[in-house]
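Q: Okay, handing you the structure first.
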Amino acid sequence: MYQDQRKRKSWNNDLEQFWRPFVKKYFADDSKMLLDVANKKTKSSHSIELRAEILARVFKAKYDAGVEEEKLLLENPCEFLLYSGNIVLDCPRTIIMTIFPDSHVQTEGHLRVTFSQTKQILCWEFSTRRHEEYVKLDLPKQPQPAADDLGFPPAFSSYIKMAEAISRLRKNIISATDELANQKSGRLNNQSQGRRS
């Protein structure tokens, strides 16, 4: 998607000029990105949920962290039409190639994308199985690894953790607000019934 966008116009990693229009074009307003990433060191996995309103900043943060390009390689993807009219693209073996100046990270996993009837992304789910980092051999000195134990650039990993914490906080606030509204409504109903009796 964004490779195509980048080819059509001069590319710059700009939030307002590129990433916000990109997210608006390809993602539904209530869409989400679900990442289940494997930690190479601990062999454990970590689930991350990112909502549509922060996706533009997440994409920008990734390229700010040194990513030059990303390629998506799908092996035998399948498409399913749901009763709702939405389309699901399911690919049990997907490889994401993340290119850095002196290395690239190859992440293998399961990709599942749900599209709306208007062909916008409703849900992007990617479960990582493993990742490997490949460094150029002809470098004068060994570079700092571009990826951490989760397969992300360290600066991007920090941003993701912060974005996830904000997302969780927002959910908790909405949940608490709904609960207070329900309690208030319940008290008003009880008072109203008390007056009638």
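The values are calculated or read from the model by the stated rules, or taken from the named source; none is laboratory data. Source: prediction; values computed, not measured. Heads up, the Cβs are rebuilt from the backbone with ideal geometry, glycines too, and the neighbour counts pull from every protein chain shown. What goes into the accessible areas is simple: the full protein's heavy atoms, side chains included, and nothing from ligands, DNA or RNA. Shrake-Rupley method; radii C 1.70, N 1.55, O 1.52, S 1.80 Å.
Q: For the chain, what does the accessible surface come to per residue with a 1.4 Å probe? Please give it in Å². Please report the intermediate quantities before stating the final value.
A: Numbers: 12510 Å² over 197 residues.
Here the residues of the chain average 64 Å² of exposed surface.
Q: Through the Karplus equation 6.51 cos²θ - 1.76 cosθ + 1.60, θ set to phi - 60°, convert the phi angles of the stretch 25-41 into ³J(HN,Hα) values in whole Hz; use x for Gly and Pro.
A: Calculated HN-Hα couplings, in order: 6, 9, 10, 5, 4, 9, 6, 8, 10, 10, 10, 10, 9, 8, 8, 5, 7 Hz.
Q: Could you tell me the accessible area of Glu49 in Å² (1.4 Å probe, neighbours in place), rounded to the nearest ten?
A: Ignoring ligands and nucleic acids, Glu49 comes out at about 50 Å².
Q: To continue, here is another question. Translational diffusion coefficient of the stretch 112-165 at 25 °C, 0.890 mPa s, Stokes-Einstein with Kirkwood Rh over Cα pairs, in µm²/s as a whole number. Show your work: numbers first, answer last.
A: Values: Rh = 14.3 Å.
In µm²/s, the coefficient is 172.
Q: Take the eigenvalues of the Cα gyration tensor for the stretch 21-130, scale each by 5, and report the square roots as semi-axes in whole Å, largest first. Mind showing how you got there, number by number?
A: Details: eigenvalues 111, 64, 37 Å².
Semi-axes (√(5λ), whole Å): 24, 18, 14.
Q: Run the Debye formula on the Cα coordinates of the chain, all scatterers equal and no solvent, and tell me log10 I(q)/I(0) at q = 0.16 1/Å.
A: -1.15
Q: Could you work out the local net charge near Val23, counting Lys and Arg as +1, Asp and Glu as -1, over the other residues with Cβ closer than 14 Å to its Cβ? The partial results should precede the final answer.
A: Values: positive: Arg20, Lys24, Lys25, Lys32, Arg51, Arg57, Lys60, Lys62; negative: Asp14, Glu16, Asp29, Asp30, Glu53.
My count for the surroundings of Val23 gives +3.
Q: Taking amide H atoms as placed 1.01 Å from N in the peptide plane, list the residues 5 or more away in sequence, or in a different chain, whose amide H sits under 5 Å from that of Lys32.
A: Those qualifying (amide H under 5 Å, at least 5 residues apart or on another chain) are Cys123, Trp124.
Q: Taking amide H positions as placed 1.01 Å from N in the peptide plane, with prolines and chain starts having none, which residues 5 or more places from Phe100, or on another chain, fall under 5 Å of its amide H?
A: Distant-sequence amide H within range of Phe100: Glu68, Val105.
Q: GNM on the chain, C-alpha springs below 10 Å: top fluctuator among Gln183, Gln17, Gln106?
A: Gln183
Q: Using a 1.4 Å probe on the protein chains only, how many percent of the accessible area of the chain belongs to carbon and sulfur? Write out the running numbers ahead of the final one.
A: Values: 6580 of 12510 Å².
After summing per-atom areas, the C and S share lands at 53 percent.
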